There are 2 protein chains.
Amino acid sequence: MSKLKILVVDDESRMRKLVNDFLTKKDYLVIEASDGEEAMEKFYMNRDVALVILDVMMPKMNGWQVCRELRKESKVPIVMLTAKAEESDELLGFELGVDEYISKPFSPKILVARVDSILRRANKIESGEIMEAGMIKINKSAHQVSVENQNIDLSYKEFELLVYFIENKGIALSREKILNNVWNYDYFGDARTIDTHVKKLRNKLGNAGSYIKTIWGMGYKFESE
Amino acid sequence: MSKLKILVVDDESRMRKLVNDFLTKKDYLVIEASDGEEAMEKFYMNRDVALVILDVMMPKMNGWQVCRELRKESKVPIVMLTAKAEESDELLGFELGVDEYISKPFSPKILVARVDSILRRANKIESGEIMEAGMIKINKSAHQVSVENQNIDLSYKEFELLVYFIENKGIALSREKILNNVWNYDYFGDARTIDTHVKKLRNKLGNAGSYIKTIWGMGYKFESE
DNA sequence: ACAAAATATGATAAATTTGTGAACAATACC
DNA sequence: GGTATTGTTCACAAATTTATCATATTTTGT
């Protein structure tokens, strides 16, 4: 399996280097950004980022803002680094969907341990990596999908699309958003191509096809209940 | 959706009660156990436990042992409570597959926030902010509306209109204003169109339909009381 | 109570959006 | 190079939403 990408955002280069070193030692691939804007750019360019480490105090766009922006686009796990351990800050963080909250100064070992823990929990690391949604089971590493324990064949794009749907279940997804995430962000094709893929996917999924709901005038939504 | 079960394991009944109270307030169903053996028993009896909160220091079987036992059986998220904040302990915890590590004394609010966060991540909790107005609940990201906990289907325009009303509740809105905000600003149609949409909305909202008040000679106003 | 004005309602027409099948293009596979 | 598979585009039918209009009902001012 290829290395997992981690995006480290901090304005202090010393801090970035420290974190980078420890994570690299643990065989992660680290991408750095020195401010919020750069972070968002790098994130768009690296859609397969597995986790983001975010400093709260930064110029231009602070950590909370970056967090909010990221959450509009993605469920990627977020670890916040903060100087002061204010309880209200921490609560705000959890509301925004922060996954972990580490106050400076921290032990790099702990940081790495928490990163490991989050990624393990997010099933990004090894562990068969099986996603379930209703009667659909997906083995991501084996690129295998089953419905009611019956294996089905999906093409590459169909598979990607289904995974994206399931990773964002319960969320209404516009065609634009789907294009940006499942296709490359610089894809300029017709958004209606999604319709065709959805049709095929629904067909191949059989009974589970109805999990993909059409939201008229808006896009699609996956719901397994 | 039914309540999520949380198993709280601690030998101090005072602590159990404290945690229990806060979690119950947040609408979780709490099961208590006062030592490791009882914890395992209760866990076997309640296979649908969504999360375990575990004190480290306990007689008979300490927290680490319980953790190990649980991990043999299940991937249920585990939160460890510990008196001392020893780094080595924490590292051991992560190795054992502990999801979160909170050192005493802790703020109950933080505990609840972390529990929420873990369950949200585990996809047990529907994510996304929810707007409420009287008996109406709106999950904007899911593009879903419920009245008295019963989901209802709204068309795109109806949804937009309702959101606009609720975002401006208590404020009298002229037709012109509504057109400019819910329709495109360059829409030159009949303002009477709104009447029709309001009618449909009131209809679909059922009992909550009366929240949309007519202000004669002026427009409409949303009020949920 | 009555007329005038405004809103509610129901039916219907118009406009949009989506589903679908087929053609075409790109890519991977022998 | 040829063939099979996958991905994209397009056109048209089907589905759904939205706008319009005529009519009924309600409100207001006198």
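Taking the listed residues A:VAL182, A:VAL147, the one that is of a type in the set (Val, Ile, Thr), away from chain B (no Cβ under 14 Å), away from DNA strand D (no atom under 14 Å from the Cβ) and surrounded by 13 or more Cβ atoms within 10 Å (Cβ to Cβ) is A:VAL147, with no other qualifying.
In the set (1) under 29 Å from A:GLY170 (Cβ atoms); (2) at pLDDT 85 or above, the condition left unmet by A:SER88 is number (2).
Determine whether the stretch B:9-26 contains at least one residue that is over 18 Å from B:ILE110 (Cβ atoms) and acidic (Asp, Glu). Yes; the residues of the stretch B:9-26 include at least one that is over 18 Å from B:ILE110 (Cβ atoms) and acidic (Asp, Glu). State all residues of the stretch A:204-216 that are near DNA strand C (Cβ under 10 Å from one of its atoms) and modelled with pLDDT of 95 or more; if no residue qualifies, say none. Hits for the stretch A:204-216 are A:ILE212, A:LYS213, A:THR214, A:ILE215, A:TRP216. Considered as a group, the residues in the stretch B:26-59 that are touching a residue at least 60 places away in the same chain (Cβ under 8 Å) and over 18 Å from B:LEU70 (Cα atoms) include one that is surrounded by the most Cβ atoms within 10 Å (Cβ to Cβ), and that residue is B:TYR28.
Residue check: is A:ARG68 in a helix (DSSP H, G or I), of a type outside the set (Ser, Thr, Tyr), under 17 Å from the mean Cα position of the chain (by Cα) and surrounded by fewer than 16 Cβ atoms within 10 Å (Cβ to Cβ)? Criteria met by A:ARG68. Residues that are under 14 Å from A:ILE171 (Cβ atoms) and either more than 11 Å from DNA strand D (Cβ to nearest atom) or not in a loop (DSSP other than H, G, I, E, B) (or both) within the stretch A:206-224 comprise A:TYR211, A:ILE212, A:LYS213, A:ILE215, A:GLY219, A:TYR220, A:LYS221, A:PHE222, A:GLU223, A:SER224, listed in sequence order.
Evaluation of B:VAL112 against the conditions (1) without any contact (Cβ under 8 Å) to a residue 60 or more places away in the chain; (2) facing chain A (nearest Cβ under 10 Å); (3) within 24 Å of A:ILE78 (Cβ to Cβ) shows that the sole unmet condition is (1). The requirement of being away from DNA strand C (no atom under 11 Å from the Cβ), more than 18 Å from A:ARG71 (Cβ to Cβ) and either more than 21 Å from the chain's Cα centre (by Cα) or loosely packed, with under 12 Cβ neighbours inside 10 Å (or both) is fulfilled nowhere in the stretch A:196-203; no residue meets it.
Only one of the numbered conditions (1) exposed (fewer than 13 other Cβ atoms within 10 Å of the Cβ); (2) farther than 23 Å from B:MET131 by Cβ is violated by B:THR193, and that is (1).
The values are calculated or read from the model by the stated rules, or taken from the named source; none is laboratory data. Nothing here was measured: the structure is a model prediction, and the numbers come from that model. A quick note on method: Cβ atoms are made from the backbone with ideal geometry, for glycine too, and the neighbour counts reach across all protein chains shown.
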